[in-house]
Every structure is written in structure tokens, then in C-alpha cells.
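Peer 1: Have a look at the structure that comes next, please.
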Amino acid sequence: MYNDGVIRDAAARIRGGEEIKKLTLYQNPDRLCSCEMVYDENFKYMIYWMDEYYDLPSEVELEYEPITDLGAWQQTH
């Protein structure tokens, strides 16, 4: 849900006139649930649909970082 909130917030700010070039998002740490994500090479085509869904300009780069320590990440996000 974190990534969803970040993208929705950024899309609203962009519609308000703010220039955003890149969003830092996080990969799903559960490999069982993350097999069909846009950071997987086989699913890059989904970025177009994400941009449409969130009303996000295609120029905004989505950067996905791995979560190496889930407990620490949960405490800060």
C-alpha cells in the first residue's frame, strides 16, 4: 500500500503544477506475490497501464528499491 500512496500523492501534486521526475518505490519483499510486477522484465508493459490508472505522466521514472530489512522498513514507513 505504500507504493500506491506515493504514486497517488505524486499524481495529485503533478496535477497541481509540481514537477516530479522520479518516484522511489519499493519492491514487494514477498516473492510469492511479486512475480507480476513492473520491475520484472517480463512485465514492463504494465507501466503504461499504471500511468493510465494513476493519471501519471509517462515521463515520471518509477525506481523500485529492494527491501533488505523488512522490520526496519516497517518502522520507518
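Peer 1: So, taking all protein chains as they sit and a 1.4 Å probe, how much accessible area belongs to Ile20, in Å² rounded to tens?
Peer 2: The accessible area of Ile20 comes to roughly 30 Å².
Peer 1: Full extension from Tyr64 to Thr24: what is 0.36 nm times the residue separation minus their Cα-Cα distance, to one decimal in nm?
Peer 2: On the way: separation 40, 0.36 × 40 = 14.40 nm, distance 0.60 nm.
Gain on extension, Tyr64 to Thr24, equals 13.8 nm.
Peer 1: 5 Å is the cut-off here: which amide hydrogens, built 1.01 Å from N in the peptide plane, fall below it relative to Leu25, excluding neighbours closer than 5 in sequence?
Peer 2: Correct list: Glu63, Tyr64, Glu65.
Peer 1: Could you compute the FRET efficiency for His77 and Tyr48, with r as their C-beta to C-beta distance and R0 at 25 Å, rounded to 0.05?
Peer 2: 0.40
The values are calculated or read from the model by the stated rules, or taken from the named source; none is laboratory data. Computed from a predicted structure; not experimentally measured. Heads up, the Cβs are rebuilt from the backbone with ideal geometry, glycines too, and the neighbour counts pull from every protein chain shown. Remember, those area values only see protein heavy atoms, side chains included, never the ligands or the DNA or RNA. Shrake-Rupley method; radii C 1.70, N 1.55, O 1.52, S 1.80 Å.
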